[in-house]
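What follows is a short report on a single structure.
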Amino acid sequence: MLDDAGPTAVDPVAISVEDMHRPETLEHSFEGWTSEVFDMLDRLRAEPHIDQYKKEKPGVTDHLKNPFRRYRDDLVVNWVLPNRLDLETERNVFSRLLKNDFGAGGCHDHLWMSFYRPETKRLEDVQITHRVSPDGFAVGVYVGAYATELLTQAKARIRDAPATYLDLVNPLLAADGWRFYTHRGSGQNEEKVVYTEPLDAVPESIDGADGIYARHYISREETLALGPELVDRALDLVLDAWPIYRFYLAGS
């Protein structure tokens, strides 16, 4: 959240892509992901347990959490601050590797982050997500899970304006790397319906969905090759997804 937010901070729902400022040249403190982080996440995928996490803990800090914080800082400097977006950018914006599984000791193989509006919480808001996993990096927009009221609102918006919604989703699906999907349940019980081509109609799976994603995937190899310019790519993807973010939140 802006330190001097006050009356000059901008409600993110109120600003369109056309009115948003994107620097031509970005400032970078993030140096890019390294092969070490992906090797570590591979091991956590193979052994998704706290015992493996403890073995990896020094690398979790050096290769994963610290670089991800610098990535976050670059988004703040190059996007949030220039546009005076009233978003929480510090407190609880990152997920956790260790699962909340009632002492079973499970561990995720990925880490993600999302800014959120200060009157809510990360898991209870519409999310612009940034996710690193063994497969690479992903940026997208999501509504669902704990944001039950906003998911209900988003579904109502989609029912009321299906053509408008398709006009926002289909340009993404027409571009390389984007997927649109709905899910029911979570973890091992999660069921997904995935779409990779432009839609002729709003999917029926939306009605019973626990969450709705539009996400762009960047391969591991390309993520490594981009280095610090992953921030540039991610910011472009954020702006691509921004109209859907505003659509879900309109009237909230």
inquiry  = Can you tell me how segment 165-236 classifies by the Cα gyration tensor, rounded, prolate or oblate, using a/c under 1.5 as the rounded cut?
reply    = oblate
task = Would you mind telling me which residue in VAL60, VAL231, VAL76 has the biggest mean-square fluctuation in a Gaussian network model of the chain, where springs connect alpha carbons within a distance under 10 angstrom?
result = VAL60
request  = Using a 1.4 Å probe and counting only protein heavy atoms, arrange LYS192, LYS155 so the residue with the most accessible area comes first.
outcome  = LYS192, LYS155
message = What does the charge count around TYR71 come to, taking other residues whose C-beta lies under 11 Å from its C-beta (Lys +1, Arg +1, Asp -1, Glu -1)?
response = +1
query = Local charge sum around LYS192 (other residues, Cβ-Cβ under 11 Å, Lys/Arg +1, Asp/Glu -1)?
reply = -1
inquiry  = When a/c reaches 1.5 or more, the comparison of a/b and b/c decides; with that in mind, is segment 104-175 rounded, prolate or oblate per its Cα gyration tensor?
reply    = oblate
note = Note to self: C-alpha centroids of segment 178-252 and segment 62-118 sit apart, in Å, by 17 Å
task = Using a Gaussian network model of the chain whose springs link C-alpha atoms within less than 10 Å, name the residue from ALA145, ALA241, ALA225 with the highest mean-square fluctuation.
result = ALA225
ask   = Once you mark the GluC sites (Glu not before Pro) that are in a DSSP loop and have at most 15 other Cβ atoms within 10 Å, what is the longest gap between them in the chain?
value = 120-189
remark   = Checking ASP11, ASP101, ASP160 against a Gaussian network model of the chain (alpha-carbon springs below 10 Å), the top fluctuating residue turns out to be ASP101
task = At most 14 other Cβ atoms within 10 Å and a DSSP loop assignment: could you name the trypsin sites (Lys or Arg not before Pro) in segment 101-133 that fit?
result = LYS121
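The values are calculated or read from the model by the stated rules, or taken from the named source; none is laboratory data. Bear in mind that the values here come from a model prediction, so they are computed numbers and not experimental data. Positions of Cβ are generated from backbone atoms using ideal geometry, with glycine treated the same way; all protein chains shown enter the neighbour counts. We work out accessible area using only protein heavy atoms, side chains counted, and drop any ligands, DNA or RNA first. Shrake-Rupley method; radii C 1.70, N 1.55, O 1.52, S 1.80 Å.
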